[in-house]
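Heads up, the thing below is written out as structure tokens.
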């Protein structure tokens with residue numbers, strides 16, 4: 001990233017935290033199904049944002065940002081589930097939930113702005 005794009009930076013930082021958490025759970029608990037899911041969705045947020053930057057049109061950009069938003073929602077779900085089945089602690093979950101909710105707010109604002117621009 002040549003210039004600071006807050007949502008790109010935050011989504012990358014979040015992905016790093018989520019992957020580290022998942023690897024820790026894999027190592028300590030030998031659990032792979034849920035951890036693979038959270039790795040996939042958490043890393044997809046930033047990957048789709050990166051793809052959106054090379055979008056062919058404003059519609060394409062909006063589409064990729066919307067995918068990032070959906071992946072963030074999915075990640076939030078996996079975090080709730082991982083806490084409920086006692087794979088992670090409440091403290092671990094709360095930190096990541098705060099991060100993902102901030103990312104959701106940023107992505108939501110981008111989506112609203114782009115939808116207005118396209119109408």
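When only Cα pairs below 8 angstrom with a gap of at least 6 residues are kept, the chain shows a relative contact order of 28 percent. In plain terms, the residue of 32, 69 with the fewest other Cβ atoms within 10 Å comes first and the most crowded comes last, giving 32, 69. How many angstrom separate the Cα center of the range 58-119 from the Cα center of the range 1-50? A separation of 12 Å, based on Cα centres.
By how many nm would the segment from residue 53 to residue 81 lengthen if fully extended, with 0.36 nm per residue of separation less the alpha-carbon distance?
Working: separation 28, 0.36 × 28 = 10.08 nm, distance 3.16 nm.
Answer, rounded to one decimal: 6.9 nm.
Calculation over all alpha carbon pairs of the range 34-100 in 10 angstrom steps from 0 returns a P(r) of 23, 44, 22, 10, 1 percent.
Kindly put 7, 19, 65 in sequence by how many other C-beta atoms sit within 10 Å of each C-beta, fewest to most.
Details: 7 20, 19 15, 65 24.
Ranking 7, 19, 65 by Cβ neighbours within 10 Å, fewest first, gives 19, 7, 65.
Full extension of the chain between residue 63 and residue 112 yields a length gain of 16.4 nm, computed as 0.36 nm times the residue separation minus the alpha carbon distance. Report summary: the helix-based calculation at 222 nm, which adds -39500 (n - 2.57) for every DSSP H run with n ≥ 4 and divides by the residues of the chain, gives -30000 deg cm²/dmol. Could you calculate the FRET efficiency of residue 13 with residue 119 from 1/(1 + (r/R0)^6), where r is the beta carbon distance between them and R0 is 35 Å, rounded to 0.05? With R0 = 35 Å, the Cβ-Cβ based efficiency is 0.60. Between helix 58-84 and the chain there is an angle of about 20 degrees, using the helix long axis and the longest principal axis of the Cα atoms.
At an R0 of 30 angstrom, the distance between the Cβ atoms of residue 6 and residue 36 translates into a FRET efficiency of 0.60.
With N counted as the residues of the range 6-118, its alpha-carbon radius of gyration over 2.2 N^0.38 Å works out to 1.10.
Only the coordinates and a few stated rules stand behind these numbers; no lab work does. Because the structure is predicted, anything quoted here is derived from the model rather than measured. Quick reminder, even Gly has a Cβ in these numbers, built from the backbone with ideal geometry, and neighbours come from all protein chains shown.
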